[in-house]
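First up is the structure itself, then whatever we jot down about it.
Just so it is clear, none of the values below were taken in a lab; they were calculated from the coordinates. For clarity, every value in this text was computed on a predicted model and none was experimentally measured. Note: ideal-geometry Cβ built from the backbone for every residue, glycine included; neighbour counts use all protein chains shown.
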Amino acid sequence: MAQELRPVDPSTIPQLCGRFEPVGREIDAEELPVEGSLPSDLTGAYLRNGPNPKFTPLGSYTYPLEGDAMVHGLWIEAGKARYANRWVRTKGMAAEERAGRALYGGLMTPAFVDTALLGPDPDPGWPFRLDPFVNVVRHGGRYLALEEGTPPYEITAGLDTIGLFDFGGGLPSGLCAHPKIDPVTGEMVVFRYDVEAPFLTWAVIGPDGTVTRPPTTVEGVDSGFMIHDFAITEHHLILTIGPAQFDLDAMLTGGAVLQWQPDLGTRIAVIPRNGSSGPMWIHTDAFWAWHFANAYELPSSASPGVTSDELRIVLDFPWWSTLGLGLGGNEEPIHGAFARATLNPVRGTVDLEHLDETGTEFPRIDDRLVGREHRYLTVAGVSGRHELVRGEHDRLIRYDMQTGKSDAFDCDGVIGEVTFAPRPSGTEELDGYYLGFVTSFGADRSAWAYAWDASQFPAEPVAKVAIPQRVPNGLHGNWFAAD
Ligand SMILES: [Fe+2]
């Protein structure tokens with residue numbers, strides 16, 4: 001029985017308008033105009049993913065949880081740049097293209113559409129669409145566009161869609177949108193949550209792309225919780241479970257599928273990567289974190305990898321008092337901070353310190369230090385000088401976690417996540433460039449890609465590359481150095 005849903009009115013949804021407004025064209029542009037100069041030794045691709053609905057969404061649209069995936073690519077070589085953007089052509093999107101309209105309902109309003117319209121081999125997940133719009137990573141020679149909890153879509157280095165990828169059958173249900181690639185071992189560590197048992201699993205993919213640890217249940221999790229990101233150290237996974245609980249009964253009776261339940265508190269599972277034991281649990285007051293900058297183990301006299309009372313793990317992240325999506329549950333007004341948590345997993349304690357009472361997002365480090373001690377990290381923040389909507393930032397902040405000092409650059413536009421592109425010959429943490437897309441505050445909402453010399457930050461970007469069409473506010477991207 002089809003449930004009739006009406007298209008949303010985009011003008012009533014801030015994340016479908018203005019600097020978020022989806023673009024409808026896929027373009028290729030060479031020899032882009034550059035203000036300043038691009039480093040001549042930087043060769044590779046900066047790819048960034050984000051939601052970009054092709055058709056007006058049906059019923060509801062919840063940012064940042066849904067929308068057709070569009071990858072924006074900036075290729076840099078010999079001081080020149082070119083740009084292209086492509087949708088990730090999922091089977092669900094292909095079905096909607098055949099129909100000429102949206103078929104699936106929004107996340108908060110699933111539509112029980114005629115499955116015959118979806119084709120003979122639809123994406124898994126109906127009545128929800130598979131939307132791999134969150135992130136794009138390269139591992140085992142493959143470029144993967146990721147949603148959370150679903151199989152990724154493989155794309156080419158030139159952004160053409162290849163198709164669903166399940167790691168040779170090794171991860172049939174998919175993975176999270178924020179896998180962590182160990183820079184030393186080349187392993188990709190992933191997790192996946194679900195609304196049904198097993199509610200939370202983790203897995204490892206070897207550097208060649210084969211699954212070396214199949215999905216392994218995290219014992220002690222007995223219902224579904226939304227978990228967006230996690231962290232790894234050299235020897236552990238750090239899975240933080242905030243009280244964002246799925247409630248399927250509420251969904252079926254018209255309530256929100258996701259409920260904020262602060263009475264449950266937040267739990268942190270510290271799991272040995274070698275699988276030698278199950279999780280060590282830390283229970284604390286409720287907080288929420290979308291993203292983690294990094295985690296690492298403090299030096300100890302115990303043998304590396306041995307779990308002892310001496311084990312301390314540092315976890316840096318933008319802390320939030322609640323989920324802040326205005327869904328169900330008991331949400332208080334939200335406030336944010338940049339936090340450092342020092343975990344003692346054996347004793348089950350956490351020392352949580354707010355380093356800056358400022359709401360930020362999109363934390364990143366030099367990815368060559370994932371799981372190892374970092375000194376610097378960047379986040380996107382808010383200057384307070386411009387009118388922004390939820391999900392927008394206009395300030396790039398860099399924290400020096402050693403001195404506690406921070407530097408900030410206020411953009412003349414909206415900025416999202418930046419990624420660090422190391423200089424090929426460099427090994428130092430600041431020997432490279434921060435790359436990110438910027439949408440100007442002007443009425444034309446013109447798009448730019450900025451490149452800052454990290455060693456000179458917060459000095460002006462060394463290059464501002466003009467993109468010949470808008471690049472809507474998006475989510476995560478990465479720098480892929482040329483092989
Ligand atoms: Fe994310």
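Which net charge results when you count Lys and Arg as +1 and Asp and Glu as -1 among the other residues whose beta-carbon is under 11 Å from that of T240?
Numbers: positive: R267; negative: D229.
Summing Lys and Arg as +1 and Asp and Glu as -1 gives 0.
Projecting the Cα atoms of T253, G44, V190 onto the dipole axis of the chain, where Lys and Arg carry +1 and Asp and Glu carry -1 at the beta carbon, places G44 farthest toward the positive end. Computed from the C-beta positions of S383 and T185 and an R0 of 25 Å, the FRET efficiency is 0.05 to the nearest 0.05. Distance distribution P(r), the stretch 71-111, all Cα-Cα pairs, bin width 5 angstrom from 0: 6, 18, 15, 16, 13, 10, 9, 7, 5, 2 percent. Across the stretch 11-94, C-alpha contacts under 8 Å between residues 6 or more apart give a mean separation that, scaled by the residue count, equals a relative contact order of 35 percent. Taken about its Cα centre, the stretch 223-370 carries a charge dipole of roughly 400 debye when the Cβ of each Lys and Arg holds +1 and the Cβ of each Asp and Glu holds -1.
Please report the relative contact order for the stretch 338-425, taking Cα pairs under 8 Å with a sequence separation of at least 6, and give it as a percent rounded to a whole number.
24
Please label the shape of the stretch 324-483 as rounded, prolate or oblate, based on the square roots a ≥ b ≥ c of the eigenvalues of the alpha-carbon gyration tensor (a/c under 1.5 means rounded; beyond that, a/b larger than b/c means prolate, else oblate). Please report the intermediate quantities before stating the final value.
Working: a/c = 1.92, a/b = 1.15, b/c = 1.67.
Note, shape of the stretch 324-483 comes out oblate.
If you plug the beta carbon distance of D400 and T115 into 1/(1 + (r/R0)^6) with R0 = 51 Å, you get a FRET efficiency near 0.40.
Of the residues Y399, Y63, the one with the fewest other Cβ atoms within 10 Å heads the list, and the complete ranking is Y63, Y399. The residues packed around E373, meaning those with a beta-carbon under 15 Å from its beta-carbon, carry a net charge of -4 if Lys and Arg are +1 and Asp and Glu are -1.
Sorted on the mean count of surrounding Cβ atoms within 10 Å across their residues, most packed first, peptides 121-129, 135-143 read 135-143, 121-129. Note that the chain shows a convex hull volume over its alpha carbon atoms of 141 Å³ per residue. Charged side chains reduced to their Cβ positions (Lys and Arg at +1, Asp and Glu at -1) give the stretch 112-212 a dipole of some 260 debye around its Cα centre. Maximal additional length on extending the E332-A29 stretch stands at 104.4 nm, based on 0.36 nm per residue less the C-alpha distance. Projecting the Cα atoms of F230, L164, W202 onto the charge dipole of the chain, computed from C-beta unit charges around the Cα centre, puts L164 farthest toward the positive end. When each of M188, M280 is scored by the number of other beta-carbon atoms lying within 10 Å, the sequence from fewest to most is M280, M188. For L252 and E4 in one chain, what is 0.36 nm times their gap in residues minus the Cα-Cα distance, to one decimal in nm? Full extension from L252 to E4 adds 87.7 nm.
Give me the dipole magnitude in Debye, nearest 20, for the chain about the Cα centre, with unit charges on the beta carbon: positive for Lys and Arg, negative for Asp and Glu. Display every interim value, and only then the final one.
Values: 36 positive and 65 negative charges, 112 e Å.
So the dipole magnitude of the chain works out to roughly 540 debye.
In terms of its Cα atoms, the stretch 40-119 spans 53, 25, 14 Å along the principal axes, sorted from long to short. Summary value for the chain: 13 percent relative contact order, contacts being C-alpha pairs under 8 angstrom separated by 6+ residues.
Calculated on C-alpha atoms, the gyration radius of the stretch 1-143 divided by its Kirkwood radius gives an Rg/Rh of 1.05. So, R0 is 22 Å and r is the distance between the beta-carbons of S223 and T349; what FRET efficiency does that work out to, to 0.05? Efficiency, from the Cβ-Cβ distance: 0.35. Panel order for H393, H235, H72, by other beta carbons found within 10 Å of each beta carbon, from fewest to most: H235, H393, H72.
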